[in-house]
1. May I ask you to list the aspartates and glutamates whose Cα is less than 12 Å away from that of K30, ignoring any residue fewer than eight positions away on the same chain?
2. Provide the per-residue ³J(HN,Hα) series for segment 126-142, in order, calculated from phi with Karplus coefficients 6.51, -1.76, 1.60 and θ = phi - 60°, each as a whole number of Hz, with x at glycine and proline positions.
3. Checking the a/c ratio against 1.5 first, then a/b against b/c, what shape does the Cα gyration tensor give for segment 7-54?
4. Using Cα positions and a limit of under 15 Å, work out the aspartates and glutamates in reach of K184, with same-chain residues fewer than 8 apart set aside.
5. Sum -39500 (n - 2.57) across every DSSP H segment of at least 4 residues in the chain, then divide by the residue count to get the 222 nm mean residue ellipticity, nearest 500.
6. Hey, what angle do you get for helix 14-23 against the long axis of the chain, alpha-carbon based, 0 to 90 degrees rounded to 10?
7. Can you list which of the trypsin sites (Lys or Arg not before Pro) found in segment 209-241 are DSSP loop residues with at most 14 other C-beta atoms within 10 Å?
8. What nm distance separates the two modelled labels at H236 and D67, each placed 7 Å from Cα along Cα→Cβ?
Amino acid sequence: MKPASFEFHRARSRAGAVELLTELADGDPKIIAGGQSLVAMMNFRLARPGHLVDITGIDDMTGIEVDGDRLRIGALTTHRTVEKAGLGVLSAAMRWVGHLPIRTRGTVGGSIAHADATAEWCMLAVLLDARIRVLGPAGSREIAAGEFFHGPFWTALEPDELIVEIVFPWPLPPAALTEYADRKGDFALVAAAVDLDRERTVLGGVGPVPLLVDSLDAEEIAAGLDVRDEPGVSAHYRRGLARTLVRRAVAEASP
């Protein structure tokens, strides 16, 4: 299939992007950067924005910077850039993001804005208490990752706001993320990420948003999941995957 018709706009600055989002508000504008999620949804007509605002030309939204006790990652930084940056669990987790062409084009901010509950960046943001810095007509604000995700493809982001930066605590703790999909590169059926310092786990694929649990006990976590049978995936199977993946993540994160 092909997308419904839309108008294309190119923003040259953060402020320019916000202005376009505000001016075009009646036409359901959407930000596009790497386009690895949005374009697929448009092709299936699951998304029908009247306007696309391209932000790929905004230079000051790309890059990685350690700023005291914070790690700043620009929203336009690609998965591949992080993968090669030697940033502990953040870099290691990128191997699970699709395939190399997707990691080369897809962006950190785009993944978080898309808000798929099994997306690696969404899970890592919740696990590590990241803060999402956004810009809108009223200025800049930061949103805690635990409050950012409201449901599948639904976030605290206002229609006239864009993500400019994701801020993680630094240094990163001993942590790991692992997942299972039927085929390499497919969306995960279940994913698990653990933080050994704070003894916490985040699961993806078991609810509408990444699920944070204050435990590393795989049996306890699996038994407490509120999951149901779905076509092709029983609740029993999903709990079993969660149990196994938590154990694997703990083993990978352990010294």
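1. E7, D54, E158, D160, E161
2. Whole-Hz 3J(HN,Hα) from phi for segment 126-142: 5, 4, 9, 6, 5, 10, 9, 8, 10, 10, x, x, 8, x, 9, 8, 10.
3. Oblate shape, in that a/c is at least 1.5 and b/c is the bigger or equal ratio.
4. Answer for K184, where 15 Å is the Cα cut-off: E120, listed by chain and number.
5. Counting only the DSSP helices, I get -8000 deg cm²/dmol.
6. It works out to around 70 degrees.
7. Filter output for segment 209-241: R228.
8. 5.2 nm
Laboratory data are not the source of any read-out in this text; all were calculated from the coordinates shown. For clarity, every value in this text was computed on a predicted model and none was experimentally measured. As a convention, Cβ positions derive from the backbone with ideal geometry for all residues, glycine included, and neighbour counts pool all protein chains shown.
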